[in-house]
Amino acid sequence: MSQLEAYFSRGDANASALIYDMYKNGAYLESWDENLDFNLYEKIAGKLNIDIEKEASREFDVDDKLPWDDINYGVDKSWLYAEYEKAKKAVSTVPCEVKCNNCGVCRNLKTRKVLSV
Ligand code: SF4
């Protein structure tokens, strides 16, 4: 189950084909252990040329295009990378309710921080 969760959380557009073909082959409530048929996942993934294990554990380089790069959530990728480097050194970031960290959201989404309504 963890391998499937990793695959779907990092998967590209091919993940939707796997979900749809699983559905067409009777998969239902697969996140429940008693319903999980991993052999069926492997069979369908094989037909789609998807290597679940490989994709679930694939390492991304900093410059790689990520599967979720097409989703505009406003945060600058360079800011995320800087946060990643800080996290490796166990350096925390002050929450933006306290101080703007210039993550890009307000600029990119043309919004502003609202602390209360
Ligand atoms: S105030 Fe806006 S730009 Fe600043 S850290 Fe918060 S979300 Fe990002």
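The values are calculated or read from the model by the stated rules, or taken from the named source; none is laboratory data. The structure presented is a predicted model; accordingly, all values stated were derived computationally and were not measured. Cβ sites come from the backbone with ideal geometry, for glycine too, and all protein chains shown count toward neighbours. Just the protein is used for accessible areas: all its heavy atoms, side chains included, with ligands, DNA and RNA removed. Shrake-Rupley method; radii C 1.70, N 1.55, O 1.52, S 1.80 Å.
Determine ³J(HN,Hα), in whole Hz, for all residues of region 36-52 in sequence, where each value follows from phi through the Karplus function 6.51 cos²θ - 1.76 cosθ + 1.60 and θ = phi - 60°; x replaces Gly and Pro.
Per-residue couplings from phi come out as 5, 10, 5, 4, 5, 4, 5, 5, 5, 4, x, 5, 8, 6, 10, 9, 4 Hz.
If you scale each eigenvalue of the Cα gyration tensor by 5 and take the root, what three semi-axes come out for the chain, rounded to whole angstrom and sorted largest first?
The answer is 36, 17, 14 Å, longest axis first.
Just 51, 63, 76 to compare: in a GNM of the chain, with alpha carbon springs under 10 Å, which one fluctuates most?
Checking each option, the largest mean-square fluctuation is seen for 63.
Name the chymotrypsin sites (Phe, Trp or Tyr not before Pro) in region 1-105 that are in a loop by DSSP and that have at most 13 other C-beta atoms within 10 Å, would you?
28, 32, 60, 68, 73
For region 91-103, take each phi angle, set θ = phi - 60°, evaluate the Karplus expression 6.51 cos²θ - 1.76 cosθ + 1.60, and give the result in whole Hz per residue in order, putting x for glycine and proline.
3J(HN,Hα) across region 91-103, in whole Hz: 9, 8, 10, 5, x, 6, 5, 8, 8, 5, 9, 6, 6.
Return the calculated 222 nm mean residue ellipticity for the chain, to the nearest 500 deg cm²/dmol, obtained by summing -39500 (n - 2.57) across DSSP H runs with n ≥ 4 and dividing by the residue count.
-12000 deg cm²/dmol
If I compute solvent accessible area with a 1.4 Å probe over the protein chains, what percent of it on region 2-56 is carbon and sulfur?
Result for region 2-56: 47 percent of the exposed heavy-atom area is carbon or sulfur.
Could you work out the local net charge near residue 52, counting Lys and Arg as +1, Asp and Glu as -1, over the other residues with Cβ closer than 14 Å to its Cβ?
Result for the neighbourhood of residue 52: -4.
Please identify, among 105, 91, 62, the residue showing maximal mean-square fluctuation in a Gaussian network model of the chain using a 10 angstrom Cα cutoff.
Most flexible of the set in this elastic network: 91.
Name the longest site-free stretch of the chain, where the excluded sites are trypsin sites (Lys or Arg not before Pro) in a DSSP loop with no more than 15 other beta-carbon atoms within 10 Å.
My reading of the result: 1-57 is the longest stretch.
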